[in-house]
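What follows draws every value from the coordinates through simple rules; no lab data is involved. What you see is a predicted model; the values in this text were computed from it and never measured. Here Cβ is always computed from backbone atoms with ideal geometry, including for glycine, and neighbour counts include all displayed protein chains.
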Amino acid sequence: MKKLLFVTSNGRKFSEAESILKEYGVIIEHRVARIGEVRAEDCETVARHAAEEAFSRFGKPLFVEDSGLFITSLGGFPGPYSAWVKSKLGNAGVLRLMKGVRDRRAVFVGAVAFRDGKRAKLFVGKCPGRIAEKETDQGGFGFDPIFIPEGHSKTFAQAPELKETLSHRALALRKLAFWLAKSKRD
Ligand code: IMP
């Protein structure tokens with residue numbers, strides 16, 4: 001396959017994906033586009049629709065990705081509304097909602113939707129963890145400064161090397177890479 005397009009308006013997502021997929025010999029090219037998100041309860045549906053829309057726009061093999069942070073004690077909120085919550089409340093607002101809450105469990109979910117002329121495939125990665133008590137200073141993007149992956153004590157913002165191995169996006173992208181390698185062999 002020639003270069004695979006990653007259609008996203010988020011340059012940080014692109015850099016993460018580029019570095020992960022390179023290890024598997026998958027070279028990707030960035031296409032910056034704002035694809036309208038359908039209203040849905042899950043990232044999988046949003047990603048599937050976005051891949052269709054992106055393919056109708058670019059007409060080349062591509063993938064898109066949609067993520068969400070699902071906080072257990074908030075009934076999965078913000079989940080599919082993560083981008084909106086991040087832009088309106090920010091990490092400080094999420095921490096306010098979690099003030100005094102002892103159960104701080106959360107799961108990051110990332111859905112990668114691949115589309116070419118013949119195939120539509122979906123790969124999902126989940127990263128369990130917890131919401132930090134305080135926002136950490138630097139690094140990462142989005143909720144990285146308040147998300148601590150399970151079994152660790154640093155946030156994703158403090159430990160980008162952890163993010164590369166066990167983030168929701170890294171897991172979903174590795175599934176994509178394995179599938180691409182397998183479909184090349186078949
Ligand atoms: P979307 O997938 O771009 O719709 O992301 C939803 C929200 O989650 C946005 O506010 C992103 O900044 C945030 N987000 C997505 N991926 C990550 C991540 O890997 N770490 C932290 N926040 C993320």
Area projected by the alpha carbon convex hull of the stretch 62-145, averaged over all directions, nm²: 6.1
For a quick protection proxy, order the peptides 33-43, 140-150, 125-135 by their average other-Cβ count within 10 Å, most packed first. 140-150, 125-135, 33-43
With each label point set 7 Å from Cα along the Cα-Cβ vector, what nm distance links Val101 and Glu161? 3.2
If one takes the longest principal axis of the Cα atoms in the chain, at what angle in degrees, from 0 to 90 and to the nearest 10, does the Cα axis of helix 168-185 lie? 20
Point-charge dipole on Cβ atoms (K/R +1, D/E -1) for the stretch 1-96, about Cα centre, debye to 20: 360
So, how do all the Cα-to-Cα distances of the stretch 40-81 break down into 5 Å bins, in percent, from 0 on up? 6, 24, 23, 17, 13, 9, 6, 3, 0
What is the diffusion coefficient of the stretch 1-85 in µm²/s, taking the Kirkwood radius over Cα pairs and the Stokes-Einstein relation at 4 °C with a viscosity of 1.567 mPa s? 94
What value in Å³ per residue do you get for the convex hull of the alpha-carbon atoms in the chain? 110
Of Phe63, Ala170, Leu89, which is farthest towards the positive pole of the chain's charge dipole, taken about the Cα centre with +1 and -1 on the beta-carbons of Lys, Arg and Asp, Glu respectively? Phe63
Which order do Thr165, Thr136, Thr72, Thr155 fall in if you start with the one that has the fewest other Cβ atoms within 10 Å? Thr165, Thr72, Thr136, Thr155
Calculate the dipole size of the stretch 4-185 relative to its Cα centre from +1 charges on Lys and Arg beta carbons and -1 charges on Asp and Glu beta carbons; express the result in debye to the nearest 20. 340
Residues Ser73, Ser67, sorted so that the one with the fewest Cβ neighbours within 10 Å comes first: Ser73, Ser67
